[in-house]
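Trainee: Take this structure, written in structure tokens, and hold onto it; I'll ask about it next.
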Amino acid sequence: MLGITRNRPLPRSGMDFAESRQRSSLAGKVLFAVILTVVCVIVLRQSSSYNSSIFSRHESGVTHILVTGGAGYIGSHATLRLLTDSYRVTILDNLSRGNLGAVKVLQKQFPEPGRLQFIYSDLGDAKAVNKIFSDNAFDAVMHFAAVAYVGESTLEPLRYYHNITSNTLLLLEAMAAHNVKTLIYSSTCATYGEPDKMPITEITPQVPINPYGKAKKMAEDIILDFSKNSDMAVMILRYFNVIGSDPEGRLGEAPRPELREQGRISGACFDAARGIIPGLKVKGTDYKTPDGTCVRDYIDVTDLVDAHVKALAKAKPSKVGIYNVGTGRGRSVKEFVEACKKATGVNIQVEFLDRRPGDYAEVYSDPSKILRELNWSAQHTDLQESLQTAWRWQKSHKNGYGSSL
Ligand SMILES: NC(=O)c1ccc[n+]([C@@H]2O[C@H](COP(=O)([O-])OP(=O)(O)OC[C@H]3O[C@@H](n4cnc5c(N)ncnc54)[C@H](O)[C@@H]3O)[C@@H](O)[C@H]2O)c1
């Protein structure tokens, strides 16, 4: 060992040598991950072409749903529910933010031909999207694909208008051209901005205050204008803050590490509990709320996907339904952090900072319309329980879906 070391040219310092070894091992890992991802995409694309004939024709008694953004957090959970309920599903995702690992979990759960296919494509590519609509017989579209971070939208507004507004327009054009007549659209409470009156109903004026909310509102307007002269069945669901994960632990929320800073509160709590970040940064303690921190309405992803299935079942030609999807109860960030400490069993360190641009003080829903018309109400309303479920997945997937690739 010593001899080998002596015969080598000496590194400039021990530190440099260790760094260069670290760098080359990191480069090796990155290369390995890239190769593995490419191989997986090729395999998944090949398996989808094998099934393509089944997906290209309508079959009586089978409803074929195009799930855009199905490799993402909510889209993957929706796909799981749709497949469980015997729908046929095509996921369209460019994997810019989603996880191939989530698609693989779904394919493993539902391996039978004609259940699930994955198409790796970008919704902004009109030609590719049109070909996908030509090659497949969709009955309905659930449109989840989007960039979805308020803070990021203030830094990169054009990206948000392009990805959310323009892509929704392209998707609608493809649906119209190929006679696909049902759309379930993922909208957000961010379209309301900061209303004077709480709770927020569906007729609360929409005055979004950040590019994310504005881009979603514009997309809604395009859909609504189009639907006036069309027989399309449209359901617009305005979600409040989504948390939790599959109670059976098959799926979870795994945003890209580089999005952590932009990220959502649950992800930050778990990262802090796992020691990935030193603690939690609570941004803003001087809002006009009972404890000074922002108040939000947290909806469990299991309930949210249930709302989608109910919306799909009740969608009617030439009709538009617009619904808030929330619990109807606001919880402060401080309350959330306490629930997260209990759910994880970790005494998370909390640092209180100035407000973040684009945030609003208090937002919670009036969910009575969706109860009345779709017979839906949130069932998983115990914050700690939802966080505990999500935490179980986080603990067993320390690298997100990375380890399952
Ligand atoms: N998470 C929340 O709290 C929340 C709240 C309100 C509304 N929403 C909406 O729900 C939807 C899903 O959000 P999420 O939290 O699952 O986000 P996510 O980032 O986990 O999933 C979005 C998915 O869309 C894909 N995607 C993005 N741009 C694409 C493109 N151009 N072509 C193809 N695929 C593309 C990404 O790769 C990703 O898989 C979004 O429309 C979001 O605005 C989310």
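Only the coordinates and a few stated rules stand behind these numbers; no lab work does. None of these values were measured; they are calculated from a predicted model. No Cβ is skipped: glycine too gets one built from the backbone with ideal geometry, and neighbour counts run over all protein chains shown.
Trainee: What helices does the chain hold that run 27 Å or longer along their axis, going by alpha-carbon atoms, with a Kyte-Doolittle average of 0.0 or more, using DSSP H for the helix calls?
Mentor: Long hydrophobic helices here: 14-55.
Trainee: Another question about this same structure. Pull out a ≥ b ≥ c, the square roots of the eigenvalues of the alpha-carbon gyration tensor of the range 141-234, then state rounded if a/c is under 1.5, prolate if not and a/b is larger than b/c, and oblate in the remaining case.
Mentor: Taking the square roots of the gyration eigenvalues as a ≥ b ≥ c, the range 141-234 is oblate.
Trainee: In deg cm²/dmol and to the nearest 500, what is the mean residue ellipticity at 222 nm of the chain if only DSSP H runs of at least 4 residues count, each as -39500 (n - 2.57), divided by the residue total?
Mentor: Helix-only estimate at 222 nm: -13500 deg cm²/dmol.
Trainee: Still on this structure, please answer the following. Report the trypsin sites (Lys or Arg not before Pro) located in the range 183-264 that are in a DSSP loop and have at most 14 other Cβ atoms inside 10 Å of their Cβ, or state none.
Mentor: LYS197, ARG260
Trainee: Let me ask another. Mind jotting down a quarter of the surface of the convex hull over the alpha carbons of the range 59-396, in square nanometres, one decimal?
Mentor: One quarter of the hull surface, i.e. the mean projection, equals 15.8 nm².
Trainee: Rounding to the nearest 20 debye, state how big the charge dipole of the range 251-405 is about its Cα centre with +1 on each Lys and Arg Cβ and -1 on each Asp and Glu Cβ.
Mentor: 320 debye
Trainee: Go through ALA268, LEU171, ILE203 and say which Cα lies farthest out towards the positive end of the charge dipole of the chain; charges sit on Cβ, +1 for Lys and Arg, -1 for Asp and Glu.
Mentor: Of the listed residues, the answer is ALA268.
Trainee: I've got another one for you. Compute the distance from the alpha-carbon center of the range 83-106 to that of the range 291-368, in whole Å.
Mentor: When both Cα centres are located, 24 Å separates them.
Trainee: Any chance you could list the semi-axes, whole Å, largest first, of the equivalent ellipsoid that the Cα gyration tensor gives for the range 308-360, using √(5λ)?
Mentor: Result for the range 308-360: semi-axes of 37, 17, 9 Å.
Trainee: Would you mind ranking ILE276, ILE119, ILE164 so that the residue whose beta carbon has the fewest other beta carbons within 10 Å leads the list? If you can, show how the numbers build up before the last one.
Mentor: Details: ILE276 13, ILE119 24, ILE164 27.
Final ranking by Cβ density, sparse to dense: ILE276, ILE119, ILE164.
Trainee: Is the C-alpha gyration tensor of the range 67-184 telling us rounded, prolate or oblate? Criteria: a/c under 1.5 is rounded; beyond that, a/b larger than b/c is prolate, otherwise oblate.
Mentor: Oblate shape, in that a/c is at least 1.5 and b/c is the bigger or equal ratio.
Trainee: Taking only the alpha-carbon positions of the range 268-383 and ignoring solvent, what does the Debye formula give for the base-10 log of I(q)/I(0) at q = 0.11, 0.16, 0.20, 0.23 Å⁻¹?
Mentor: -0.47, -0.84, -1.07, -1.22
Trainee: Report the charge-dipole magnitude of the chain in Debye, nearest 20, computed about the Cα centre from +1 at each Lys and Arg Cβ and -1 at each Asp and Glu Cβ.
Mentor: Computed about the Cα centre, the dipole is about 1100 debye.
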